[in-house]
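Everything below concerns the one structure shown next.
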Amino acid sequence: MRFGETRDPAPTTMEELAPGGLLAKLSRMDVVARRAVRGARSGERRSRKRGGGLEFAEHRDYEPGDDLRFVDWNVFARLDRLVTKVFIEEEDLTVALLIDASASMDWGNPNKFLFARRMALCLGVVALRAGHRLRVHGLGGACPSDLAGLRGGSRALPLSRWLLDARAGGESDLAERVGRVSGGRQGRGVLIMLSDCLEDGPADAVRRAVSSGWETWVLRTLCPEELDPGANGLAGDLRLEDVEKEGAVEITVNRSLLQSYHARLDADRLQLESDVRRAGGRLVELDTSLDPELVLFELLRRGGLLR
């Protein structure tokens, strides 16, 4: 078996895609999409979910034209200063899942494409149960037609069927594809891209999504063989072949080469995080060997995507 070649069989059922009763544990979770609004001019549209749509965030100095109902008179009495309350607004929300299905994703143990689809199923189920609109798009590969307009917990079945039928292969132009699918949003939107980000364009893809009004997240999915190849069996004289483009290189794996690899990987991670942040998005790196519950209940909650 070649280095990094996936050993596990592909899932064929929703239970195999999300084993151990994982979906049943997501009932109280929700996708976070927040923005600060000034008084009632933007904040009068209240959420239909969870009993309200306004949550106090902070104070700011009063500006002429602000609604006097949102002036904090207690602060004025204490400090002789006019300030206005700023609130967090919750609106009707669209969640878009973009799954990278390029050939590089179908690699590693645990497999990156399987891990990305598992996370997409969980995130999609969270969004559906919370009453949000859900869209699903494949980036490259051989994926079914895009899903759009899904709503309600009962729509988890067509979501799982889409993910089970998706196949990885070929290349993916992230920026071009994101540019095409990021339009047509209704209300607020959170776009979540699951990708190994090994091809060019992740930051450009984020920039296009953000410019279309999406709150954009990149969940970078890497496997143990990529994060620490020496500890996962890469050794000796090897011929490395590009799974997406023609080309190969012969190498001898030694300590110096591995040290150089880790330095390049660290630099790439820092650069990608900086590029995504400057483009207006947020990035979370995920190791496919992590327990899905740890990812959902710890990493993505702490990162601010879920609550």
If we ask which residues in region 67-101 are over 23 Å from residue 159 (Cβ atoms) and modelled with pLDDT of 75 or more, their number turns out to be 19
Give the residue that is nearest to residue 1 (Cα to Cα), with candidates limited to residues of region 250-261 that are without any contact (Cβ under 8 Å) to a residue 12 or more places away in the chain and surrounded by 10 or more Cβ atoms within 10 Å (Cβ to Cβ).
-> 254
Determine whether region 33-54 contains at least one residue that is modelled with pLDDT of 90 or more, part of a loop (DSSP other than H, G, I, E, B), exposed (fewer than 11 other Cβ atoms within 10 Å of the Cβ) and not polar (S, T, N, Q).
-> no
Filter region 250-273 for residues that are in a helix (DSSP H, G or I) and hydroxyl-bearing (Ser, Thr, Tyr); the one that is nearest to residue 197 (Cα to Cα) is 261
Determine the pairs where a residue that is part of a strand (DSSP E or B), located within region 232-249, has a partner that is among the acidic types (Asp, Glu) with Cβ atoms under 8 Å apart, the partner being 6 or more residues away or on another chain.
-> 237/250; 238/250; 239/250; 240/250; 248/241; 248/242
So is residue 161 modelled with pLDDT under 95, of a type outside the set (Ser, Thr, Tyr) and part of a helix (DSSP H, G or I) or not?
-> no
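The values are calculated or read from the model by the stated rules, or taken from the named source; none is laboratory data. Since we're looking at a predicted model, the values are computed, not measured. Methodologically, a virtual Cβ is constructed for each residue, glycine included, from the backbone with ideal geometry; neighbour enumeration extends over all protein chains shown.
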